[in-house]
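The values are calculated or read from the model by the stated rules, or taken from the named source; none is laboratory data. As the structure is a computational prediction, the values presented were derived from the model and not from experiment. Every residue, glycine as well, gets a Cβ built from its backbone with ideal geometry; the counts of neighbours run over all protein chains shown. The area values use the complete protein model at the heavy-atom level, side chains included, leaving out ligands, DNA and RNA. Shrake-Rupley method; radii C 1.70, N 1.55, O 1.52, S 1.80 Å.
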Amino acid sequence: MTEYTRKQQLLHADNVCLSYGHKPVLHNINFSIRNIVRPGVQQGQVVSLLGRSGIGKTQLFRLLAGLQQPTSGSITINGNKQVQAGDMGVVFQHYYLFEWKTIQQSLYMAAHQNPAIKGNEKAAVEKWAADFDITEALPCYPHQLSGGQRQRASIIQQLLKGSSFLLFDEPFSGLDVCVLDKVVNMLLQVSVSDELKTLIIVSHDIETSVAISDTVFILGKEPGEPGATIKKEIDLIERDLAWQKDIRRQKAFIDTLEEIKATL
Ligand SMILES: Nc1ncnc2c1ncn2[C@@H]1O[C@H](COP(=O)(O)OP(=O)(O)OP(=O)(O)O)[C@@H](O)[C@H]1O
Ligand SMILES: [Mg+2]
């Protein structure tokens with residue numbers, strides 16, 4: 001089995017509840033994301049939050065992004081810092097881009113927010129655009145791009161800002177097989193770009209999420225319970241299902257998908 005250790009806590013959700021009036025949506029959400037350390041490999045974290053449609057994934061995404069406060073409980077990052085809007089790179093389901101700016105202008109603006117690439121903004125934008133195959137789209141406005149190009153531009157925009165945490169809402173939905181592969185590879189590439197880089201993927205695409213992640217949390221709700229909660233945590237490294245190519249045909253992978261479906 002691959003050697004690894006889960007070290008310091010990078011993010012912690014502590015008894016997070018969310019209600020709208022008398023309607024509970026999330027109830028006592030508790031989970032932690034720890035820094036995964038592998039000898040000789042710079043390895044970030046890829047975590048998936050899976051659940052049925054309408055269960056509360058996007059609501060939890062908004063809380064994790066600091067865009068909304070929980071009704072009770074707390075979400076902290078890097079020790080004890082309460083998460084706030086702007087702490088995380090956030091890629092929304094509909095790939096928000098500034099419609100009145102060209103992709104290049106939007107990406108430069110993001111790059112200027114990152115002190116680590118000060119003076120090298122142009123090179124950074126060009127590198128990511130080339131890696132993700134949108135160089136040709138740089139002079140265009142968002143409405144001139146395809147859905148897949150918008151998505152990649154939106155991901156690069158968040159990457160350039162340099163936050164350790166990157167949060168994605170349904171990054172695999174509506175993509176054809178070729179683009180899906182491209183996005184998966186792109187996310188994996190990002191996840192090893194820094195030891196502390198942490199990708200949190202909120203999705204109902206179980207197969208793709210499990211194939212790319214090291215840890216899976218399942219959000220679910222039993223009848224009569226006051227909102228959705230974390231039903232199960234699956235350590236994919238322990239099962240030897242993380243960081244491997246061509247994992248999808250392995251029996252342990254297929255069994256894990258079945259186990260998740262049964263929990264949803
Ligand atoms: N402003 C609001 N007021 C009341 N209820 C809300 C509000 N926003 C969301 N909800 C409820 O929260 C629940 C969870 O919604 P959410 O969008 O998080 O689901 P989801 O798991 O992301 O679904 P999908 O997979 O379809 O995107 C839904 O029942 C929804 O009606
Ligand atoms: Mg959603």
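What to note about this one:
- Per-pair calculated FRET efficiency, R0 = 25 Å: residue 194 and residue 136 via Cβ, rounded to 0.05: 0.35
- Distance from the alpha carbon centroid of the stretch 104-118 to that of the stretch 190-205 works out to 20 angstrom.
- Ranked packing of 61-67, 44-50, most packed first, by mean Cβ within 10 Å: 44-50, 61-67
- Binned Cα-Cα distances of the stretch 167-236, short to long, each 10 Å bin given as a whole percent: 17, 47, 27, 9, 1
- ³J(HN,Hα) computed for each position of the stretch 2-14 - Karplus, 6.51 cos²θ - 1.76 cosθ + 1.60, integer Hz, glycine/proline x: 4, 7, 6, 9, 9, 9, 5, 6, 9, 9, 9, 9, 10
- Lys pairs under 21 Å by Cα in the stretch 92-215, provided they are eight or more residues apart or on distinct chains: 12
- Evaluating 6.51 cos²θ - 1.76 cosθ + 1.60 at θ = phi - 60° for every residue in the stretch 88-97, the Karplus couplings come out as 10, x, 10, 10, 6, 4, 9, 6, 5, 9 Hz, glycine and proline recorded as x.
- Globularity index of the stretch 1-116, i.e. its alpha-carbon radius of gyration over 2.2 N^0.38 Å: 1.28
- Excluding same-chain neighbours fewer than eight residues apart, the aspartates and glutamates reachable from residue 261 by a Cα-Cα span under 19 Å are 170, 205, 207, 214, 222, 233, 235.
- P(r) weight above 20 Å for the stretch 95-162, C-alpha pairs, percent: 16 percent
- Debye intensity ratio I(q)/I(0), log10, the stretch 141-264, q values 0.17, 0.19, 0.20 Å⁻¹ (C-alpha model): -0.97, -1.15, -1.23
- With every protein chain in place, the chain: carbon and sulfur % of accessible area (1.4 Å): 50 percent
- Phi to ³J(HN,Hα) by Karplus 6.51 cos²θ - 1.76 cosθ + 1.60 over the stretch 120-135, Hz, x for Gly, Pro: 10, 4, 4, 4, 5, 4, 5, 5, 5, 4, 5, 4, 9, 6, 10, 3
- Sequence-distant residues sharing a close amide H with residue 165 (under 5 Å, placed H): 89, 198
- Per principal axis, descending, Cα span of the chain in whole Å: 53, 46, 35
- Furthest towards positive pole of dipole, 72, 202, 137, structure part the chain, Cβ charges: 72
- Dividing the mean sequence gap of close Cα pairs (under 8 Å, 6+ apart) by how many residues the stretch 95-162 holds gives a relative contact order of 49 percent.
- In the full protein context, the chain carries 47 Å² of accessible surface per residue, based on a 1.4 Å probe and ignoring ligands, DNA and RNA.
- The H on the amide N of residue 215, modeled in the peptide plane, is under 5 Å from the matching H of 46, 48, 236, each at least 5 residues off or on a different chain.
- Where labels lie 7 Å past Cα in the beta-carbon direction, separation of residue 146 and residue 41 in nm: 3.2 nm
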